[in-house]
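Contents: one structure, followed by commentary.
The values are calculated or read from the model by the stated rules, or taken from the named source; none is laboratory data. These numbers come from a predicted model, not from an experiment. When we count neighbours, we look across all protein chains shown, and the Cβ atoms used for this are built from the backbone with ideal geometry, even at glycine.
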Amino acid sequence: MKLLKLLPVLAVVAVMAASCSKDDDTPAPTTYQLRAADGRTITVTTAVEQYAEESAFIDMLERQAGNMELPTRSGEGGEVQAERKTVTGYDEEPFLINDDVWQQVRLGSWCARYGLVSGEEYLLNFKRVTKYIPCAYNEEVVSDAYLPTDRNMGFNSNGVGYVIDNGNNDSGKYYAYTLVAVIGYDADGNVVNKHYPCDLADLQWKYIILQME
């Protein structure tokens, strides 16, 4: 008799347990929508990536830059003179590689050099930047040597630096490309707009002009 009285209670407990089990099996959302302070609605990843060391952040940028898929251009025979030059800044409007999908990141103490706060959560994206390298009709442009310590360079798939489009001299210019990181917002959507490794106007493009015969 006691068992019969307990059956309704046991049934309710069983339903609740099944409901909880079903909820536990539901995958957590991987992104959410955030209305930023500048009025944009952006998509943000729920996972927070940690970059305690700057070297880990650079490794990530190099992997991301592999999506550029632009070959470096090598010099050809016949040059009679080589001249090293540097230009700064950018030409075409930089654009976000991942559109409006932003990654949540937390950076180590190294980020203070770039005006950021260690341990704070920021929203990260990537910009592809274009620069026109000027040259004459009988000149060819190749990328100059660079070092990982060149803080005013961007990134390509091989590390620090940039790539030159494998095309011909286009009416007195070659197209050069690089990738930079942009910390666009904090986790609350407030505008930050910091670039790494430097401000876009300070990007340096080192190259060699080869005068062809």
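Some points to look at:
- Conditions (1) charged (D, E, K, R); (2) surrounded by 15 or more Cβ atoms within 10 Å (Cβ to Cβ); (3) in a loop (DSSP other than H, G, I, E, B): number failed by LYS206: (3)
- Of the residues LYS173, LYS206, the single one that is of a type in the set (Lys, Arg), touching a residue at least 60 places away in the same chain (Cβ under 8 Å) and farther than 18 Å from ASN98 by Cα is LYS206.
- Qualifying residue in the range 112-121 (condition: β-branched (Val, Ile, Thr) and without any contact (Cβ under 8 Å) to a residue 24 or more places away in the chain): yes
- Count of residues meeting criterion [in contact (Cβ under 8 Å) with a residue 40 or more places away in the chain and either within 15 Å of ASP202 (Cβ to Cβ) or not in a strand (DSSP E or B) (or both)] in the range 137-148: 5
- Lone unmet requirement of (1) surrounded by 17 or more Cβ atoms within 10 Å (Cβ to Cβ); (2) part of a loop (DSSP other than H, G, I, E, B) for ARG151: (1)
- Filter result (in contact (Cβ under 8 Å) with a residue 40 or more places away in the chain and among the small types (Gly, Ala, Ser)) within the range 30-59: ALA36, ALA37, ALA47, ALA52
- Qualifying position, being in contact with a helix residue (DSSP H, G or I) (Cβ under 9 Å, 6 or more places away or on another chain) and either surrounded by 15 or more Cβ atoms within 10 Å (Cβ to Cβ) or in a strand (DSSP E or B) (or both), among TYR185, TYR177: TYR177
- Lone qualifier among ALA28, ALA112, ALA56, ALA37 - being assigned to a loop (DSSP other than H, G, I, E, B) and at pLDDT 95 or above: ALA37
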